[in-house]
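Engineer: Can you keep this structure in mind? I'll have questions shortly.
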Amino acid sequence: FRTPINIYDSRQITDIDTAAKVTGTGEGWTMASLVLRGEGKRSGEDSSFLVSRYTQEATDKIQLGATLIAVDREIGENAVFGIDSRVAFSPSTIWTTQILQMNGSNSIDGISEVTESVSAHAFETELEWGTQPWSFELEFKKITSEFLPDLAFISRRDIIGPSFEIGFSDSYSHDVIEGVFVMAQTEHYVDHDHHTVLRDYSIFGGLSFQNDWDINMSYRDDYHIPFHNTSQSIGATYNRQDRFKSWRMNYSNGIFQDNTFDQYEVTKPFKLSPRWTNDLTSLLRTEKRDEGDRDVWLWRNESEYTFNWEGRIKLTLEATSDRAYKRTLLFAYEEVKDWDFFVVLNDFRDDDARGEQIVRSFFLKLIYHW
């Protein structure tokens, strides 16, 4: 279901009553369909969903695709249909295009049964090319103001404009430098009144040294109406060749939504035994606000143990300065003859505007291979 413009985001489905999915592949084609009854963030309760996609290899260099997503809700309906193509002129030159049309009806006030018709469209085309050590990406995108399918994740609408990316990456056998990489990006979008709504540019680069140290630096300047955000960062990694003996450190500062900040982050993977691995991340962010300074911190550890049989257990612990926590326990037992077995326990707490919220869940998955 993945396409250049993300019109299917499973997180938009908040509750499932019943569902079924079928997937298939053949010589030069693939298909997948999902039918579901439940609740969506923008669809409300007792909604029916259909998600379907088909792709066909027209030639060894051309792939064509079609996607249909339809939602039937208590108030109004929503449907989006799209076609897309992928043309490989060469292994290093690829052109992708997607055209989408959305039609339906929405509740005027979100509650009443009075609806209005909605018609909107979106378009994206992108060309990627380049040979080592250079790479290039040129994209043009247009999304109208009312284009918001019920299951889509569209970060910004009412935009039209280009984006461009250039990258350079190469390795050396120098006595000091092992490799270098640089990437620069820019994008500029206007709305239907030709007012600038987004203008970003950034540059990111780094050096790898023969003494196992890596240094990277970045600068960003983003205008997302109405905010003008800037940031710069510098980071270092030691011993990246041996992950569990490595250290990663990063410092950044800038302005985000009119508030200045300084941020420090340290990540340390380590082993307690050959079968017990961990990733510890610590982050501290100091923000200067009109109402006063505040410190925001996050601590997270991912711990995984692999048994001498085909099983593993993974525990993720996360805590923040806002008294939120996340605890997830995964147990996986795979390739037990023709079976795979997964169990997930999740415990989550967050203090939102409605007060403390605690969510606990249990997930079981069984797979049989034949």
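Engineer: Could you state the principal axis extents of the C-alpha atoms in segment 34-85, from the largest down, to the nearest angstrom?
Structural biologist: On the principal axes, segment 34-85 reaches 44, 16, 13 Å in Cα extent.
Engineer: I'd like to know which of Thr25, Ile5, Ala79 lies farthest towards the positive end of the charge dipole of segment 1-81, counting +1 on Cβ of Lys and Arg and -1 on Cβ of Asp and Glu.
Structural biologist: Ile5
Engineer: Turning to a different aspect of this structure: Suppose a student asked you for the relative contact order of the chain, using Cα pairs under 8 Å spaced at least 6 residues apart; what percent would you report?
Structural biologist: Across the chain, relative contact order equals 6 percent.
Engineer: Enter the accessible area per residue of the chain (Å², integer; probe 1.4 Å; all protein chains in place).
Structural biologist: Result: 61 Å² per residue.
Engineer: Between Asp290 and Asn308, what is the label-point separation in nm under the 7 Å Cα-to-beta-carbon projection?
Structural biologist: Roughly 6.5 nm, to one decimal.
Engineer: Now for a different question. Might you report the magnitude of the Cβ-based charge dipole of segment 284-332 about its Cα centre, with Lys and Arg at +1 and Asp and Glu at -1, to the nearest 20 debye?
Structural biologist: It comes to approximately 140 debye.
Engineer: Could you tell me which label, among [x] 1.11; [y] 1.17; [z] 1.06, carries the value of Cα Rg over 2.2 N^0.38 Å calculated for this structure?
Structural biologist: Matching the structure shown: [y].
Engineer: Now, a different point. Using the Kirkwood radius over C-alpha pairs as Rh, can you work out the diffusion coefficient of segment 253-326 via Stokes-Einstein at 37 °C, viscosity 0.692 mPa s, in µm² per second?
Structural biologist: Answer from the Stokes-Einstein relation: 227 µm²/s.
Engineer: OK, next. What's the extension gain from Ser85 to Val359 if we count 0.36 nm per residue and subtract their Cα-Cα distance?
Structural biologist: 94.5 nm
Engineer: Then there's this: To the nearest 20 debye, what is the magnitude of the charge dipole of segment 203-321 about its Cα centre, counting +1 on the Cβ of each Lys and Arg and -1 on the Cβ of each Asp and Glu?
Structural biologist: 600
Engineer: Pairwise over distinct Cα atoms, reciprocal of the mean inverse distance: report the Kirkwood radius of segment 157-273 in Å, one decimal place.
Structural biologist: Value: 16.6 Å, from the Cα pair sum.
Engineer: Given a 1.4 Å probe and every protein chain left where it sits, what share in percent of the accessible area of the chain is carbon and sulfur?
Structural biologist: Accessible surface attributable to carbon and sulfur in the chain totals 56 percent.
Engineer: What does the charge add up to near Phe153, with Lys and Arg as +1, Asp and Glu as -1, over the other residues with Cβ less than 15 Å from its Cβ?
Structural biologist: So the environment of Phe153 carries a net charge of +4.
Engineer: Under 25 Å Cα to Cα from Lys271, which lysines show up? Leave out anything in the same chain fewer than 8 places away.
Structural biologist: Those lysines meeting the cut-off are Lys245, Lys314, Lys326.
Engineer: Here is a further query. As a quick test, which of the pairs Lys41/Lys365; Lys21/Lys365; Lys21/Lys61 have an alpha carbon distance above 19 angstrom in this structure?
Structural biologist: Over 19 Å Cα-Cα: Lys41/Lys365; Lys21/Lys61.
The values are calculated or read from the model by the stated rules, or taken from the named source; none is laboratory data. Given the structure is predicted, the values throughout are model-derived calculations rather than measurements. Backbone-built Cβ (ideal geometry, glycine too); neighbour counts: all protein chains shown. For accessibility, only protein heavy atoms count, side chains too; no ligands or nucleic acids. Shrake-Rupley method; radii C 1.70, N 1.55, O 1.52, S 1.80 Å.
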